[in-house]
Structures are given as structure tokens and as C-alpha cells.
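Each value in this text was obtained by applying a stated rule to the coordinates, not by laboratory testing. Just so it is clear, the model here is predicted, and its values are computed rather than measured.
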Amino acid sequence: MVLPIADSRLVFPILHKQGIKKLHELSVTEEILKIAVRHGQKNGAKKIVRIYLAIGDLSDLIDEWVQRYFDYLAKDSIAQNAKLEIERVPITGLCDKCDKPFVVDKVKMDFHCPDCGEKGAELLKGREFTVKSIEIE
């Protein structure tokens, strides 16, 4: 059974600029585990099989390391051996001039609107970190 999780948005500073602490996979993974176990137990799960995540492309998290830390932390819990299914959310901006949304290249980080050429946009997506659902037995 797959359970949607409504209250699972994690809010962490992602960027390491101007004194903002850099996010580390271990602290994020601890939060993932807490959310999954809490919802699993609340719904009578004997085992958590999969955890579905949405992570914005502005995150510097490395998927492989998130899974490794999770495997370590989840030992002897109902989430032991659970697989993390990670969906990457592209960086999306909303043009300040023409109000059209556009996807930002993660490597170039170019915030020029492809439609009107304006430089400058409101960030719509890319900083997400959400536990979307868990699959339980």
C-alpha cells in the first residue's frame, strides 16, 4: 500500500552563502527516516518498502549518499532495507517581465527568459525537499 504524506516538506537552507549553513546528507536522512517511521507506525505498517522523495535541483545532495546514510540509520527499524525513490525537480523561474515560467539549466544557472530575454526571475521550483509518499506492508 502506498500512503501519501501531506506534512512532509523539509525546510533546510541549501546554499552555502552569506553564513547559511550547508546542508548535509546525514541530517536530511535523519528527517526522512523520522517522517517515514512516524507515518508508517501511524498506519500500522510492519515494514516500509519504499520512500518517494522530491528533491529540487538547487540541492547539493547526492542521491547515492542519501541512500547510504538512510541504510545505516534505518537498521533495526521498520524502514530497514527501504529503497529511496528520488524524483529531481528542475529549477523553474517565472520571468519578471513576461510572467512566463521557464526551466533553468542547472549547470549554467542562466536566469534569462528564453521568450523575452529578460534577466531576472522569481524562483518557482528547485528548492523542494519533500517526502511524497511511502510504500508499506
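What Kirkwood Rh does the chain have if only Cα atoms enter the pairwise 1/r average? Answer in Å. Present the calculation step by step, with values, prior to reporting the outcome.
On the way: mean 1/r = 0.0617 Å⁻¹.
Mean inverse Cα-Cα distance, inverted, gives 16.2 Å.
Measure up Lys46/Lys132; Lys108/Lys132; Lys47/Lys106 against 31 Å on the Cα-Cα distance and list the ones that go over. Could the numbers behind the result be given before it?
Working: Lys46/Lys132 20 Å; Lys108/Lys132 29 Å; Lys47/Lys106 36 Å.
Distance filter (> 31 Å) returns Lys47/Lys106.
Take every Cα pair under 8 Å whose residues are at least 6 apart in sequence, average their separation, divide by the length of the chain, and the relative contact order is 36 percent.
Helix 63-73 axis versus longest C-alpha principal axis of the chain: approximately 30°, rounded to the nearest ten. Distance from the C-alpha centroid of the range 37-55 to that of the range 87-104: 31 Å, rounded to the whole angstrom.
Find how much the distance from Asp96 to Lys47 grows on full extension, using 0.36 nm per residue of separation minus their present alpha carbon separation; answer in nm with one decimal.
Details: separation 49, 0.36 × 49 = 17.64 nm, distance 4.70 nm.
Here the answer is 12.9 nm.
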